[in-house]
Amino acid sequence: MTDAYLGIDLGGTSVKIGICAARGTVRARVRIPTEVERGSDDVIARIARAAQELRDSVGPVAACGIGAPGEIDISRQRLVRANHLPGWTDVALAYRVGDILGLPSVLENDANCAAWGEFCVGAGAGTTSLACFTLGTGVGGGLVIGGELWTGAGAAGSFGHIAIDPNGPLCRCGQRGCVEQYASGTSIANRYGRGSARDAFDAAARGEADAIAAVDWACDGLAAGVANVVHIAQPDVVVLAGGVAAAGDALRDRVRAGVARRVRAAWLRHVRIECSVLGNDAGWIGAAFWAARQLAVGVYATRGLINS
């Protein structure tokens with residue numbers, strides 16, 4: 001059997017698709033626009049077409065993993081809903097993609113996939129536990145404990161909705177002061193008032209006072225969330241991933257300092273805080289590795305092939 005796996009990272013703006021080997025070697029990758037307004041049938045057809053073209057160029061793959069944002073019904077392998085995919089309600093994503101491609105396929109939350117990718121071949125490689133904060137339009141997360149992806153009853157690792165200030169900004173989830181309202185790219189851009197989160201970090205690096213204030217505010221909020229996770233799980237490594245993590249040391253160093261103010265040094269001694277190693281590939285690589293893991297234990301969704 002081939003040791004190559006297909007990974008799909010479905011986002012509201014783009015879909016990243018790739019094939020990697022069992023040790024993480026990237027064999028091929030492509031990005032296509034999501035164009036959610038065209039509906040799930042159209043998007044799924046284009047995903048399958050792009051994935052098949054990759055297979056044609058690289059060769060056979062053993063299984064397919066799909067990471068999708070929002071609420072996932074793992075037992076039914078369906079995307080229940082996603083804020084960034086309007087109109088996508090109860091979509092049998094793993095079944096539909098898998099059946100078109102003729103591959104065993106499995107669906108998981110996109111942040112969980114990113115966490116799994118970083119754990120397997122990224123910043124967490126060689127560890128036994130990891131917490132991953134995905135910092136993009138919103139804030140997601142994933143948790144690996146004892147070498148296993150920890151999802152609890154289904155939504156564990158929702159780090160963006162850790163409330164760090166009961167009087168803080170109102171979040172779309174209904175709470176106030178969620179980490180997402182501080183550390184998402186959207187929140188940083190809004191706080192800065194012009195441009196993107198990247199623009200804010202670039203301006204802060206040039207010494208612009210308002211940009212420094214916006215970035216410090218965001219990183220301190222993120223540090224409070226990281227500190228809470230350290231107090232609960234004390235993972236070997238906390239990974240900062242997603243588009244905001246492209247800020248690199250400017251983000252990591254501020255978060256490290258903020259966590260150090262909140263967590264006793266003895267409790268932090270064995271906890272590393274790092275930016276993603278896999279970058280934009282974390283989601284699809286993690287999805288591919290999750291497909292490999294689920295194939296090994298016989299749990300995946302495609303009808304007519306092998307069922308869980």
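The values are calculated or read from the model by the stated rules, or taken from the named source; none is laboratory data. In this text, all values refer to a predicted model and were calculated from it rather than measured experimentally. In this analysis, Cβ positions are derived from the backbone assuming ideal geometry, glycine residues included, and neighbour counts consider all displayed protein chains.
Can we say residue 285 is assigned by TED's automatic domain parsing to the domain that holds residue 105 and at pLDDT 95 or above? For residue 285, the condition - assigned by TED's automatic domain parsing to the domain that holds residue 105 and at pLDDT 95 or above - is met.
Would a scan of the stretch 273-292 turn up a residue that is over 27 Å from residue 137 (Cβ atoms) and part of a loop (DSSP other than H, G, I, E, B)? Can you show your working first?
At the first step, the residues of the stretch 273-292 found to be over 27 Å from residue 137 (Cβ atoms) are 292.
With part of a loop (DSSP other than H, G, I, E, B) added as a condition, the list becomes none.
Scanning the stretch 273-292, I find no residue that is over 27 Å from residue 137 (Cβ atoms) and part of a loop (DSSP other than H, G, I, E, B), so the answer is no.
Do the conditions hold for residue 57, that is, is it over 26 Å from residue 140 (Cβ atoms) and in contact with a strand residue (DSSP E or B) (Cβ under 7 Å, 6 or more places away or on another chain)? Outline the logic, then answer.
Values: over 26 Å from residue 140 (Cβ atoms): yes; in contact with a strand residue (DSSP E or B) (Cβ under 7 Å, 6 or more places away or on another chain): yes.
When the stated conditions are applied, residue 57 passes them.
Residues in the stretch 235-261 that are farther than 20 Å from residue 207 by Cα and part of a loop (DSSP other than H, G, I, E, B) were compared, and the one that is nearest to the chain's Cα centre (by Cα) is 242.
Residue pairs whose Cβ atoms lie under 6 Å apart, sitting 6 or more positions apart in sequence or on different chains, and linking a residue in the stretch 144-163 that is modelled with pLDDT of 95 or more to a partner that is charged (D, E, K, R) and outside any loop (DSSP other than H, G, I, E, B), are 160/180.
Among the listed residues 32, 44, identify the single one that is of a type outside the set (D, E, K, R), in contact with a helix residue (DSSP H, G or I) (Cβ under 6 Å, 6 or more places away or on another chain) and in a helix (DSSP H, G or I). Spell out how you get there, then give the answer.
On the way: 32 fails: in a helix (DSSP H, G or I).
Criteria check complete, one pass: 44.
Scanning the stretch 206-218 for residues that are surrounded by fewer than 20 Cβ atoms within 10 Å (Cβ to Cβ) and either free of Cβ contacts under 8 Å to residues at least 24 places away in the same chain or not in a helix (DSSP H, G or I) (or both) yields a count of 7.
Residue under question is residue 126, and the condition is that it be assigned to a loop (DSSP other than H, G, I, E, B), surrounded by fewer than 24 Cβ atoms within 10 Å (Cβ to Cβ) and at pLDDT 95 or above; does it hold? Working first, answer last.
Numbers: assigned to a loop (DSSP other than H, G, I, E, B): yes; surrounded by fewer than 24 Cβ atoms within 10 Å (Cβ to Cβ): yes; at pLDDT 95 or above: yes.
Judged against the criteria, residue 126 is a match.
The C-beta contact set for the stretch 188-205 (first residue over 19 Å from residue 248 (Cα atoms) and not assigned by TED's automatic domain parsing to the domain that holds residue 139, second residue exposed (fewer than 15 other Cβ atoms within 10 Å of the Cβ) and of a type outside the set (D, E, K, R), distance under 8 angstrom, 6+ apart or interchain) is empty. Inside the stretch 262-284, residues that are over 17 Å from the mean Cα position of the chain (by Cα), surrounded by 14 or more Cβ atoms within 10 Å (Cβ to Cβ) and of a type in the set (A, V, I, L, M) make up a count of 3.
Restricting attention to the stretch 88-103, the residues that are part of a helix (DSSP H, G or I) and closer than 17 Å to residue 49 by Cβ total 7.
When the residues of the stretch 70-92 are narrowed to those that are of a type outside the set (A, V, I, L, M, F, W, C) and touching an Asp or Glu at 6+ places or on another chain (Cβ under 6 Å), which ends up modelled with the highest pLDDT?
Here is the first cut: in the stretch 70-92, the ones of a type outside the set (A, V, I, L, M, F, W, C) are 70-71, 73, 75-78, 81, 83-84, 86-87, 89-90.
Subset that is touching an Asp or Glu at 6+ places or on another chain (Cβ under 6 Å): 78, 81.
Working: 78: 94, 81: 91.
Per the stated criteria, the residue is 78.
Against the condition under 11 Å from residue 6 (Cβ atoms), surrounded by fewer than 17 Cβ atoms within 10 Å (Cβ to Cβ) and touching a helix residue (DSSP H, G or I) at 6+ places or on another chain (Cβ under 9 Å), how does residue 23 come out, does it pass? Walk me through how you get there before you give the answer.
Working: under 11 Å from residue 6 (Cβ atoms): no; surrounded by fewer than 17 Cβ atoms within 10 Å (Cβ to Cβ): yes; touching a helix residue (DSSP H, G or I) at 6+ places or on another chain (Cβ under 9 Å): yes.
So residue 23 fails the test.
So which residues in the stretch 56-75 are assigned to a loop (DSSP other than H, G, I, E, B) and either free of Cβ contacts under 8 Å to residues at least 12 places away in the same chain or not assigned by TED's automatic domain parsing to the domain that holds residue 288 (or both), if there are any at all? Hit for the stretch 56-75 is 75, nothing else.
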